[in-house]
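Participant: So that we are looking at the same thing, I have put the structure below in structure tokens.
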Amino acid sequence: MVERLEELFEGQGAQDYLGEAVSVATHMLQAADRAREAGAAPALVAAALLHDVGHFTGLVSGAELMAGTDNHHDEQGAAFLAAHFGPEVCEPVRLHVAAKRYLCAVEPSYRGELSPASVYTLSVQGGPMDETEVARFEANPYARDAVLLRRCDDAAKDPERPTPAFTEFRDLLVGVARPAST
């Protein structure tokens, strides 16, 4: 699985990232680097690295997301990863869009921190959560990890930032993967 992920980063990952100034792979690598800098557990660093893999594996592409069709890349990515990684990786991936919606609901200034592309996709993905959704999100045992992943996601769109290579995360991925998936 790690080899397949590396192929995705080198192939489809080289594509533009939905109106951002970096490629998809650069974005995900920067997100993992931000999580690592924040002292996140290895599984959460892996989740940050893999959070947008659903753009590559779903039936609807990221381009369609930007055209107004939610590609549910959060769900697609988590489902793709579930055969090889446990919930400590997959659940923050599954919840990273919900975390954006959550933060917009509970932190009024958060929306101002989003890139224009992320503000646009927020509208496609359901907008800020309502009170019921907020309560349900907060009750999820992976909500806190998803919020940290989301903050790393938002900070990972800098074309000037040095970006680590995928190979820097190979051992980490092998370490958090289910044994038969390497």
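The values are calculated or read from the model by the stated rules, or taken from the named source; none is laboratory data. Computed from a predicted model, the values in this text were never measured in an experiment. Neighbour counts are summed over all protein chains in view; Cβ atoms, including those assigned to glycine, are modelled from backbone coordinates with ideal geometry.
Participant: Name the residue that is nearest to Val89 (Cα to Cα), counting only residues in the stretch 1-17 that are surrounded by 20 or more Cβ atoms within 10 Å (Cβ to Cβ) and in contact (Cβ under 8 Å) with a residue 60 or more places away in the chain.
Facilitator: Only one residue tops the list, namely Leu5.
Participant: To continue, here is another question. If you check Leu114 against the conditions, is it in contact with a Pro (Cβ under 7 Å, 6 or more places away or on another chain) and under 21 Å from Gly19 (Cα atoms)? Lay out the reasoning, then the answer.
Facilitator: Values: in contact with a Pro (Cβ under 7 Å, 6 or more places away or on another chain): no; under 21 Å from Gly19 (Cα atoms): yes.
It is false that Leu114 is in contact with a Pro (Cβ under 7 Å, 6 or more places away or on another chain) and under 21 Å from Gly19 (Cα atoms).
Participant: Quickly run through the stretch 85-94 and pick out the residues that are of a type in the set (D, E, K, R) and either surrounded by fewer than 18 Cβ atoms within 10 Å (Cβ to Cβ) or modelled with pLDDT under 95 (or both). Working first, answer last.
Facilitator: Start the filter on the stretch 85-94 by keeping residues that are of a type in the set (D, E, K, R), which leaves 88, 91, 94.
Answer for the stretch 85-94, where residues must be of a type in the set (D, E, K, R) and either surrounded by fewer than 18 Cβ atoms within 10 Å (Cβ to Cβ) or modelled with pLDDT under 95 (or both): just Glu88.
Participant: Something else about it: Report, by residue number, each residue of the stretch 95-109 that is over 15 Å from Asp154 (Cα atoms) and either of a type outside the set (Gly, Ala, Ser) or touching a Gly at 6+ places or on another chain (Cβ under 6 Å) (or both). Step through it out loud before you land on a result.
Facilitator: Taking the stretch 95-109 first, the residues over 15 Å from Asp154 (Cα atoms) are 105-106, 108.
Of everything in the stretch 95-109, those that are over 15 Å from Asp154 (Cα atoms) and either of a type outside the set (Gly, Ala, Ser) or touching a Gly at 6+ places or on another chain (Cβ under 6 Å) (or both) turn out to be Val106, Pro108.
Participant: Of all residues in the stretch 160-173, which are within 19 Å of the chain's Cα centre (by Cα) and outside any loop (DSSP other than H, G, I, E, B)?
Facilitator: Phe166, Thr167, Glu168, Phe169, Arg170, Leu172, Leu173
Participant: Turning to a different aspect of this structure: Which condition breaks for Phe56 when tested against (1) aromatic (Phe, Trp, Tyr); (2) modelled with pLDDT of 90 or more; (3) under 15 Å from the mean Cα position of the chain (by Cα)?
Facilitator: (2)
Participant: Sticking with this one: Quick check on the stretch 30-44: of everything there that is in contact with an Asp or Glu (Cβ under 8 Å, 6 or more places away or on another chain) and closer than 14 Å to Ala155 by Cα, which residue is surrounded by the fewest Cβ atoms within 10 Å (Cβ to Cβ)?
Facilitator: This residue is Gln30.
Participant: Taking the stretch 45-56 on its own, how many of its residues are surrounded by fewer than 23 Cβ atoms within 10 Å (Cβ to Cβ) and touching a strand residue (DSSP E or B) at 6+ places or on another chain (Cβ under 9 Å)?
Facilitator: Within the stretch 45-56, the subset surrounded by fewer than 23 Cβ atoms within 10 Å (Cβ to Cβ) is 56.
Applying the additional criterion that residues be touching a strand residue (DSSP E or B) at 6+ places or on another chain (Cβ under 9 Å) yields none.
Count: 0.
Participant: Taking the stated definitions as given, is Phe137 more than 17 Å from Glu107 (Cα to Cα), surrounded by 15 or more Cβ atoms within 10 Å (Cβ to Cβ) and touching a helix residue (DSSP H, G or I) at 6+ places or on another chain (Cβ under 6 Å)? Reasoning before the result, please.
Facilitator: Numbers: more than 17 Å from Glu107 (Cα to Cα): no; surrounded by 15 or more Cβ atoms within 10 Å (Cβ to Cβ): yes; touching a helix residue (DSSP H, G or I) at 6+ places or on another chain (Cβ under 6 Å): yes.
Criteria not met by Phe137.
Participant: Where the second residue is not in a loop (DSSP other than H, G, I, E, B) and the first is farther than 19 Å from Asp52 by Cα and lies in the stretch 106-128, which pairs have Cβ atoms under 6 Å and are six or more apart or on separate chains?
Facilitator: Tyr110/Leu103; Tyr110/Cys104; Arg111/Cys104; Pro128/Arg101; Pro128/Cys104; Pro128/Ala105
Participant: Answer with yes or no whether Val97 is touching a residue at least 40 places away in the same chain (Cβ under 8 Å), touching an Asp or Glu at 6+ places or on another chain (Cβ under 7 Å), buried (at least 21 other Cβ atoms within 10 Å of the Cβ) and outside any loop (DSSP other than H, G, I, E, B).
Facilitator: Considered against the rule, which asks whether it is touching a residue at least 40 places away in the same chain (Cβ under 8 Å), touching an Asp or Glu at 6+ places or on another chain (Cβ under 7 Å), buried (at least 21 other Cβ atoms within 10 Å of the Cβ) and outside any loop (DSSP other than H, G, I, E, B), Val97 comes out as no.
Participant: I've got another one for you. Looking at the stretch 103-159, which of its residues are modelled with pLDDT under 95, hydrophobic (A, V, I, L, M, F, W, C) and assigned to a helix (DSSP H, G or I)?
Facilitator: Ala117, Val119, Leu122, Val124
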